[in-house]
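Presented below is the structure to which this report refers.
The values are calculated or read from the model by the stated rules, or taken from the named source; none is laboratory data. Values in this document were obtained by computation on a predicted structure and should not be read as measured data. Neighbour counts run over all protein chains shown; Cβ positions are idealised from the backbone, glycine included. Note: accessible area is taken over every heavy atom of the protein model, side chains too, but ligands, DNA and RNA are not part of it. Shrake-Rupley method; radii C 1.70, N 1.55, O 1.52, S 1.80 Å.
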Amino acid sequence: VDAFQAWCGPCKTVVDLFRKIRNEVGRDLLHLAVAEVDSIDALEEYRGKCEPVFLFYTGGQLVAVVGGANAPLLQKTVLEQL
């Protein structure tokens, strides 16, 4: 989940990275969602940050969090979680 605030919007560069990975590993294994933290109370702790936050869920459980648009770290985290 790309957790973002309305004033900065979702991270478009990272969306392209996730699409590339998804094409490589298979469409059924990786799903990307975006969530505006300003309008979701459950994501309130991520408000007021000036960097994107990426939340990784498996089976409905939060399993990893990556702060910032660090493409190599995001790719590593995705592949580890898969």
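Would you work out what percent of the accessible area of the chain, with all protein chains in place, is carbon or sulfur (probe 1.4 Å)?
On the way: 2710 of 5240 Å².
Carbon and sulfur together cover 52 percent of it.
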If R₀ is 25 angstrom, what is the calculated FRET efficiency for the pair Leu73 and Arg47, using the beta carbon separation as r and rounding to 0.05?
0.65
Would you mind working out the accessible area per residue for the chain, using a 1.4 Å probe, and quoting it in Å²?
64 Å²
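Starting with the highest mean, order 66-79, 15-28 by the number of other Cβ atoms within 10 Å, averaged over the residues of each peptide. Could the numbers behind the result be given before it?
Details: 66-79: 14.9, 15-28: 12.4.
Ranking the peptides 66-79, 15-28 by packing returns 66-79, 15-28.
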Principal axes first, then extents: for the Cα atoms of the chain, list largest minus smallest coordinate on each axis, whole Å, largest first.
33, 26, 18
Check Tyr57: other-chain or 5+ apart residues with amide H under 5 Å from its amide H, H built from backbone geometry?
Val63
Suppose R0 equals 22 Å. What FRET efficiency, 1/(1 + (r/R0)^6) with r the Cβ-Cβ distance, do Val63 and Asp16 give to the nearest 0.05?
0.45
What do you get for the angle between helix 12-25 and the principal long axis of the chain? Use alpha-carbon atoms, 0 to 90 degrees, nearest ten.
30 degrees
